[in-house]
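Inspection log for the structure reproduced underneath, given as structure tokens.
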Amino acid sequence: MSDVAMSRREWLLSERPQSRLQARLGRAYMSWQRFAANRLALIGLAIIIMLLLVAAFAPVLAPYSPVAGDLRQGLKPPGWEHWMGTDDQGRDILSRIIYGSRLTLYVVVLVAILAAPIGLLVGTVAGYAGGWIDTVLSRITDIFLAFPKLILALAFVAALGPGIENAVIAIAITSWPPYARIARAETLTVRNSDYIAAVRLMGASPARIVVRHIMPLCISSLIVRVTLDMAGIILTAAGLGFLGLGAQPPLPEWGAMIASGRRFILDQWWVAAMPGMAILIVSLGFNLLGDGLRDALDPRGAGQ
Amino acid sequence: MSALLTVEDLRVAFHTRTGTVDAVRGVSFELGRERLGIVGESGSGKSQTGRAIMGLTPPHAEVTARKLDFDGIDLTNISARARRDLRGDRIAMILQDPKYSLDPVMTIGRQIVESIQAHEKIGKSEASKRALAMLESVQIRDPARVYDLYPHEVSGGMGQRAMIAMMLIANPQLLIADEPTSALDVTVQLDVLRILDQLVTERGMGLIFISHDLRLVSSFCDRVIVMYAGRIVEQLKASELNQAQHPYTRGLLDCMPRLGAADRHPLPTLDRKPEWAL
Amino acid sequence: MTNALELDRVEVVYDDFHALKGVSLAVQPGEAFGLVGESGSGKSTILRAIAGLAPVASGTINIDGQSLSKRRDKAFYRSVQMVFQDPYGSLHPRQTVDRLLQEPLAIHGIDDQERRIVRALEEVGLGTGFRFRYPHQLSGGQRQRVAIARALIVEPSILLLDEPTSALDASVQAEVLNLLETVRKARKLTFLLVSHDLAVVAHMCDRLMVMQHGEEVEQLLSTELSARKARQPYTQKLIEASTGFRR
Ligand SMILES: Nc1ncnc2c1ncn2[C@@H]1O[C@H](COP(=O)(O)OP(=O)(O)O)[C@@H](O)[C@H]1O
Ligand SMILES: Nc1ncnc2c1ncn2[C@@H]1O[C@H](COP(=O)(O)OP(=O)(O)O)[C@@H](O)[C@H]1O
Ligand SMILES: [Mg+2]
Ligand SMILES: [Mg+2]
């Protein structure tokens with residue numbers, strides 16, 4: 001058995017890969033090794049995997065309904081029956097947090113899917129094209145960056161109307177500018193390199209150069225940045241929820257849960273503290289993961 | 001004449017995640033007040049040899065030597081502090097690219113003045129007068145102008161001269177030059193070599209000249225050490241290079257195109273034998 | 001016979017810096033032409049101007065008698081290719097050798113990719129064992145071979161070589177120079193070779209131009225260079241310096 005494992009390792013680390021797949025897997029394996037050498041990163045990864053599992057199996061894991069409560073059971077402290085206690089409506093907080101993980105994931109994933117590609121596209125095009133295109137795109141980016149994120153998101157939600165979808169859109173609109181900045185900076189460092197000149201000399205169109213040769217170079221630093229931003233996104237979503245502009249009751253969104261718990265914060269601390277803890281742990285998980293990814297994906301580390 | 005530097009069985013090993021890299025594997029030589037060349041291909045351990053003598057080996061590497069003696073001082077067991085004092089004072093090093101060894105945010109003149117003042121108690125105007133004289137001594141034609149320039153504003157040759165000028169403040173007895181002219185144009189290269197040559201003859205300095213260019217080294221140095229895979233494969237007088245015995249040395253000499261030589265198409269290439277690395 | 005490559009009073013201006021001040025040269029088909037001079041004299045700029053990578057302010061560039069327009073077309077990129085000086089900077093760090101060689105084929109819509117990639121690797125003496133490696137798994141000489149394979153895979157007639165061996169060890173330089181000579185003979189290529197090493201240019205080229213400050217100093221035959229028969233004092237000085245240090 002260990003013999004097989006050994007040779008598989010050797011196959012992955014081979015200096016002479018025999019196929020495209022082997023080369024790619026070998027590279028991924030090296031990144032994984034760098035990642036796995038970092039204990040904290042593994043903890044972060046474990047937290048995120050746990051979040052995914054909890055979200056996937058919420059109906060199985062949750063002991064009670066997340067929305068229907070028994071008013072007679074209201075504001076019970078944590079105990080055997082309700083591990084995290086109940087809120088003012090008598091709903092089980094644990095169940096709400098478990099279902100809430102779906103909303104958190106929903107927000108985080110949608111924002112990442114919306115904001116990262118926009119930032120990547122704007123940044124690489126601005127960086128590669130230069131001239132007036134760069135000027136226009138960079139100024140637009142600057143304008144977005146000039147406002148604090150939450151305030152800008154607030155303005156957008158106010159315009160679009162409250163609700164979780166609108167919150168996602170608002171957060172996405174406010175989070176792409178930093179990604180554009182990163183992608184542009186990265187593009188500027190490689191656009192005059194010989195290997196890009198070589199591709200130009202093959203007759204590649206600017207679009208092909210940006211999409212196939214420059215974007216792959218920016219993606220790893222972007223992934224790192226997005227992962228590190230996840231915590232911020234969760235907090236912004238929670239902030240909007242807290243202000244009543246994000247997810248609407250009775251949705252078990254963590255930020256909204258804290259908001260409804262703040263009325264009893266002194267006597268029934270668990271109503272606000274439990275979702276707060278969930279936000280804290282998940283944010284921490286994303287941060288640790290991002291740090292680990294930075295070390296694992298750093299193109300300079302993978303180079304010479 | 002007693003040796004200025006004695007190196008016996010010097011070894012440098014890097015312990016990395018993928019295993020141990022033996023960069024230098026048992027190098028021994030003596031140096032008097034002369035020009036000694038160390039040549040070899042990239043990765044043969046030339047720089048690590050020089051750095052080990054300087055005490056500038058990276059911290060994760062392990063340096064051992066049976067003997068590492070500089071003018072009666074045993075370099076293998078002196079304190080880091082004593083080593084540093086020695087480095088600033090009696091042993092100096094010049095690297096390939098002056099851009100990396102000069103401070104980019106300080107004018108060249110100020111850098112020289114600061115290092116003069118680090119060495120002795122001396123007034124500012126006196127120090128800057130000395131700095132100007134120093135720049136002049138490395139044949140910079142307009143020292144007053146160069147004095148006020150930042151490192152990125154001067155050419156490679158000028159930067160290298162400034163670097164040499166800075167090294168000379170302390171009047172070192174041993175100078176280790178690691179590819180000091182490889183980044184320079186041939187004509188500038190010769191100017192820099194001429195300065196180094198003068199220093200050796202006038203000040204009686206010992207010079208270790210590290211380079212990959214066997215031809216250049218043999219025209220400049222008194223003696224040549226040829227390294228391959230962390231070991232010395234041959235030591236010989238520069239004037240006797242044509243009688244080199246080792247096939248590696250001969251191969252290195254042979255494979256370079258020469259001006260005015262008979263047509264050699266194709267050029268002879270080096271057929272590396274595994275036993276050379278033993 | 002029409003010249004394979006002809007430059008007529010080409011000027012290149014960067015912002016307000018005159019990098020080339022009207023350079024003219026003509027290279028015949030199958031000829032190897034050298035450019036020498038100190039760094040900053042404009043050697044690379046000539047190659048980049050031909051390749052369309054430098055801003056040409058005035059003058060004309062002809063390939064096979066055809067004047068080049070400002071925008072190079074695809075046919076141009078199939079007839080002219082370039083090998084860069086720094087083998088560590090000219091290969092995309094995230095692409096395997098296979099991907100690097102596939103790209104030009106994909107751009108020009110050349111089919112039969114599999115066979116061409118294998119053949120290109122064999123031609124430059126690498127073999128298919130290197131096909132799926134990343135650049136960081138290759139030595140400097142191997143990288144330069146990959147760069148040559150990439151240039152040759154679209155079957156150009158003119159190869160622009162910008163100091164292709166100056167970052168390599170002498171023994172590796174000999175191997176790469178031999179390789180370049182072999183492919184030139186086999187494919188009847190026209191070379192424009194830049195080097196700061198007079199001996200390399202004399203070895204590889206039939207004729208050469210000596211440059212200084214973005215201008216021509218003189219043009220001479222390699223045999224004249226080897227015999228040290230230069231007309232200009234600057235060339236004499238270069239020849240003198242290349243013989244090594246004299247006390
Ligand atoms: N920081 C390092 N970590 C691991 N190996 C190193 C390091 N620095 C140098 N080496 C190894 O030491 C050997 C000798 O390096 P060096 O002395 O710099 O060669 P040279 O100067 O002759 O080109 C090389 O094979 C290189 O791989
Ligand atoms: N993109 C650029 N912008 C401004 N100046 C440049 C640029 N590229 C080259 N130059 C300048 O043009 C001159 C010639 O450069 P180059 O042709 O690369 O010289 P060589 O190849 O002969 O060393 C140099 O002085 C260089 O600084
Ligand atoms: Mg070195
Ligand atoms: Mg150049």
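Assorted remarks:
- Its residue count N fixes a reference of 2.2 N^0.38 Å for segment A:33-136, and the Cα radius of gyration divided by that reference is 1.67.
- Relative contact order for segment B:101-169, counting Cα pairs under 8 Å that sit 6 or more residues apart, in percent: 44
- Rg/Rh (Cα only; Kirkwood hydrodynamic radius) as it applies to chain C: 0.97
- Delta accessible area of at least 30 Å² on complex formation, residues of segment A:189-212, 1.4 Å probe, chain isolated as reference: A:Asp194, A:Tyr195, A:Ala197, A:Ala198, A:Arg200, A:Leu201, A:Met202, A:Gly203, A:Arg208, A:Arg212
- Long-range Cα-Cα pairs in the protein assembly as shown (distance over 43 Å), rounded percent: 46
- Exposure rule at most 16 other beta-carbon atoms within 10 Å, DSSP loop GluC sites (Glu not before Pro): chain A longest free segment: A:82-304
- Cα-based equivalent ellipsoid, segment A:40-301: semi-axes from gyration tensor eigenvalues, Å: 42, 20, 13
- Of the DSSP H helices in chain A, those whose Cα atoms cover at least 18 Å axially and whose Kyte score averages 1.0 or more: A:39-56, A:93-129, A:215-242, A:270-297
- Heavy-atom accessible area, 1.4 Å probe, ligands and nucleic acids excluded: residues of segment B:176-215 down by at least 30 Å² from chain alone: B:Asp185, B:Val186, B:Thr187, B:Leu190, B:Arg194, B:Asp197
- The calculated Kirkwood hydrodynamic radius for segment B:151-278 is 16.6 Å, given to one decimal from all distinct C-alpha pairs.
- The fraction of accessible area contributed by carbon and sulfur in chain C is 46 percent, rounded to a whole number (1.4 Å probe; ligands and nucleic acids excluded).
- The protein assembly as shown: calculated mean residue ellipticity at 222 nm from DSSP helix runs of at least 4, using -39500 (n - 2.57): -15500 deg cm²/dmol
- Looking at segment A:1-104, the accessible area is 62 square angstrom per residue; that uses a 1.4 Å probe and ignores ligands, DNA and RNA.
- Accessible area per residue, Å², chain C with all protein chains present, probe 1.4 Å: 38
- Each part gets one Cα centre, and for segment A:21-97 versus segment B:10-75 those centres are 55 Å apart.
- Along chain B, the longest continuous region that contains none of the trypsin sites (Lys or Arg not before Pro) in a DSSP loop with at most 10 other C-beta atoms within 10 Å is B:142-278.
- Between C and A, accessible area buried - total, square angstrom, nearest 100, 1.4 angstrom probe: 3100
- Degrees, to the nearest 10: B:186-203 long Cα axis against longest axis of chain B: 70
- DSSP beta bridges fully contained in chain C are about 55 percent antiparallel.
- Loop sites in segment A:5-57: chymotrypsin sites (Phe, Trp or Tyr not before Pro), DSSP, at most 14 other Cβ within 10 Å: A:Phe57
- Calculated on alpha-carbon atoms, Rg and Dmax of chain B in Å: 19.6, 63
- Computed over chain C: relative contact order in percent, which uses C-alpha pairs under 8 Å that are six or more apart: 26
- A straight line joining the Cα centroids of segment C:42-105 and segment C:155-192 runs 16 Å.
- Think of each Lys and Arg Cβ as +1 and each Asp and Glu Cβ as -1; about the Cα centre, that makes the dipole of segment A:40-301 roughly 540 debye.
- √(5λ) per eigenvalue of the Cα gyration tensor, segment B:101-169, largest first, Å: 18, 12, 10
- Per-atom-type breakdown for segment B:27-71 gives carbon and sulfur 44% of the accessible area (1.4 Å probe, protein chains only).
- Summed over both chains, the accessible area lost when C and B associate is about 2500 Å², using a 1.4 Å probe.
- Threshold 50 Å² - residues in segment C:35-77 whose accessible area is reduced by that much or more when the chain is no longer isolated, probe 1.4 Å: C:Leu53, C:Tyr77
- Accessible area of segment B:101-169 belonging to carbon and sulfur atoms, whole % at 1.4 Å probe: 52
- Taking chain C as the region of interest, the number of lysine pairs whose Cα atoms are within less than 28 Å, with members eight or more places apart or on different chains, is 15.
- Using a cutoff of 8 angstrom between alpha carbon atoms and counting only pairs six or more residues apart, the relative contact order for segment B:1-143 works out to 20 percent.
- Where Rh is the Kirkwood radius over Cα pairs, Rg/Rh for segment A:1-81: 1.30
- In chain B, the longest principal axis of the Cα atoms and the axis of helix B:124-137 are about 40 degrees apart.
- Axial C-alpha extent at least 24 Å, average Kyte-Doolittle at least -0.5 - helices from chain C (DSSP): C:170-187
- Per residue, segment A:135-211 exposes 44 Å² of solvent-accessible protein surface, assessed with a 1.4 angstrom probe and all protein chains in place.
The values are calculated or read from the model by the stated rules, or taken from the named source; none is laboratory data. Because the structure is a prediction, the values reported are computed rather than measured. FYI the Cβ positions are ideal-geometry reconstructions off the backbone, even for glycines, and counts take in every protein chain you see. Calculation scope for accessible area: heavy atoms of the full protein, side chains included, ligands and nucleic acids excluded. Shrake-Rupley method; radii C 1.70, N 1.55, O 1.52, S 1.80 Å.
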